[in-house]
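Participant: Supplied in structure tokens, the structure appears directly below.
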Amino acid sequence: MATWSAPGKVFLFGEHAVVYGKPGVAMAIKPRVFVTVRRSRNPSHAKSPYIDECFRAMGVRGSVYVRSQLQSSSGLGSSAAVTVATLCAINDEFDMNHTRDEIANIAFNIERKVQKGRASPTDTYVSATGGLVLITGSSKRRLPPQNLQLVVGNTLAAHSTAKMVEKVGKMRKNHPDIVNPILDAIGAVTLAALHNIGNPKELGRYMDMNNALLEALGVGHPASSRLVLAARASGAYGAKITGAGGGGCIIALCPRRARSRVAGAIEACEGKAIITTIDSEGARRENDD
Ligand code: PMV
């Protein structure tokens, strides 16, 4: 029996623009998915196309038990975390010797297959390696970890990454003169944020700008606007949609002392708040007990 876990992620800057080759910054967060795999003659596991594909890709059969601290379909990378943790547990239980990078690649191919070509390597890479990651096109670079205090606010409004990516794509096709400069501006905000990565106050201002640009791309939602405004009004340095938008989650960058107040303000707007920070470990083995 082998138990592995893998973290979720948030986009700090650059979602949607990364789809068009602009830089984006994602960060692994503390909540995790735990997966136990056991060799078995009568394999049993929850119905999940991601888990099915993990066993197919690794060419073995086994039983699986999943425990998650991440809500699915909220934009926090829970499917990537399940896939990475399952592959790591299979790798361990069946004494295969795949490296972490190989696991990240297999996980990306599985996400792409199950999500019918709409996945970017961001979620699977960040979940496998942890930390802060700069994504530009197909290149991924780990940045020095930063002690950023975040409150994630889940709007609990259903969210579809595929639909939002398609919406931005259509808008870009119909209004290239408007949408391309917005995507360029998001890229510029991301680069400016990278130069100020150690200055949370300044980063907060860039988050606010990034959010306004995401709104201009049409991926806002009344529930995320409510949570973003509530977070700012209760002391966050800045707040923005994270991930595809159209519902899903927001993040607020906060002074440490303001975290509970910001979380309370989010809950008062009927959002679900998670106080969290960077996960620098990525996928890790858990004790079986
Ligand atoms: O909703 P999420 O967390 O899967 O993020 C999607 C981010 C996009 O840039 C919109 C798409 C992508 O694959 O990068």
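Participant: Evaluate the following for residue 129: is it open to solvent by 30 Å² or more (accessible area, probe 1.4 Å) and either in contact with a Pro (Cβ under 8 Å, 6 or more places away or on another chain) or more than 16 Å from the ligand (Cβ to nearest atom) (or both)?
Facilitator: Working: open to solvent by 30 Å² or more (accessible area, probe 1.4 Å): no; either in contact with a Pro (Cβ under 8 Å, 6 or more places away or on another chain) or more than 16 Å from the ligand (Cβ to nearest atom) (or both): yes.
When the stated conditions are applied, residue 129 does not pass them.
Participant: Taking the residues in region 86-124 that are within 11 Å of the ligand (Cβ to nearest atom) and without any contact (Cβ under 8 Å) to a residue 60 or more places away in the chain as candidates, determine which candidate is farthest from residue 22 (Cα to Cα). Break it down stepwise before answering.
Facilitator: In the first step, residues of region 86-124 are kept if they are within 11 Å of the ligand (Cβ to nearest atom); the result is 108, 111-112, 115, 117-124.
Right, trim to without any contact (Cβ under 8 Å) to a residue 60 or more places away in the chain and you get 108, 112, 115, 117-119, 121, 124.
Numbers: 108: 20, 112: 20, 115: 22, 117: 19, 118: 17, 119: 16, 121: 14, 124: 19 Å.
Per the stated criteria, the residue is 115.
Participant: Oh, and also: Could you check how many residues of region 233-265 are open to solvent by less than 20 Å² (accessible area, probe 1.4 Å), more than 16 Å from the ligand (Cβ to nearest atom) and among the polar types (S, T, N, Q)?
Facilitator: Residues in region 233-265 being open to solvent by less than 20 Å² (accessible area, probe 1.4 Å), more than 16 Å from the ligand (Cβ to nearest atom) and among the polar types (S, T, N, Q): 1 in total.
Participant: Please find, within region 202-225, the residue that is farthest from residue 15 (Cα to Cα) out of those that are open to solvent by less than 20 Å² (accessible area, probe 1.4 Å) and of a type in the set (Gly, Ala, Ser).
Facilitator: Looking at residues that are open to solvent by less than 20 Å² (accessible area, probe 1.4 Å) and of a type in the set (Gly, Ala, Ser), I get 223.
Participant: Scanning region 9-22 for residues that are more than 8 Å from the ligand (Cβ to nearest atom) and within 17 Å of residue 215 (Cα to Cα), which turns out surrounded by the fewest Cβ atoms within 10 Å (Cβ to Cβ)?
Facilitator: Per the stated criteria, the residue is 12.
Participant: Further question: Quick check: anything in region 23-32 over 14 Å from the mean Cα position of the chain (by Cα) and either within 30 Å of residue 213 (Cα to Cα) or modelled with pLDDT of 95 or more (or both)?
Facilitator: First, the residues of region 23-32 that are over 14 Å from the mean Cα position of the chain (by Cα): 23.
From what's left, either within 30 Å of residue 213 (Cα to Cα) or modelled with pLDDT of 95 or more (or both): 23.
Yes: one or more hits.
Participant: Further, regarding this structure: Might you let me know whether region 23-30 holds any residue that is more than 16 Å from the ligand (Cβ to nearest atom), touching a residue at least 60 places away in the same chain (Cβ under 8 Å) and surrounded by fewer than 20 Cβ atoms within 10 Å (Cβ to Cβ)?
Facilitator: Here is the first cut: in region 23-30, the ones more than 16 Å from the ligand (Cβ to nearest atom) are 30.
Narrowing the set further to residues that are touching a residue at least 60 places away in the same chain (Cβ under 8 Å) leaves 30.
Add one more test, that the residue is surrounded by fewer than 20 Cβ atoms within 10 Å (Cβ to Cβ), and what stays is 30.
Scanning region 23-30, I find at least one residue that is more than 16 Å from the ligand (Cβ to nearest atom), touching a residue at least 60 places away in the same chain (Cβ under 8 Å) and surrounded by fewer than 20 Cβ atoms within 10 Å (Cβ to Cβ), so the answer is yes.
Participant: Please go through (1) open to solvent by less than 30 Å² (accessible area, probe 1.4 Å); (2) under 11 Å from the mean Cα position of the chain (by Cα); (3) touching a residue at least 60 places away in the same chain (Cβ under 8 Å) for residue 73 and return the number of the only condition it doesn't satisfy.
Facilitator: The one condition residue 73 does not meet is (1).
Participant: I'd like to know if region 183-191 contains one or more residues that are more than 14 Å from the ligand (Cβ to nearest atom), open to solvent by less than 40 Å² (accessible area, probe 1.4 Å), more than 26 Å from residue 279 (Cβ to Cβ) and part of a helix (DSSP H, G or I).
Facilitator: yes
Participant: Inspect region 156-168 for any residue being more than 30 Å from residue 268 (Cβ to Cβ), outside any helix (DSSP H, G or I) and open to solvent by 20 Å² or more (accessible area, probe 1.4 Å) and give the result as yes or no.
Facilitator: no
The values are calculated or read from the model by the stated rules, or taken from the named source; none is laboratory data. The structure presented is a predicted model; accordingly, all values stated were derived computationally and were not measured. Glycine gets a Cβ as well: all are built from the backbone with ideal geometry, and neighbour counts include every protein chain shown. Only protein heavy atoms, including side chains, enter the accessible area calculation; ligands, DNA and RNA are left aside. Shrake-Rupley method; radii C 1.70, N 1.55, O 1.52, S 1.80 Å.
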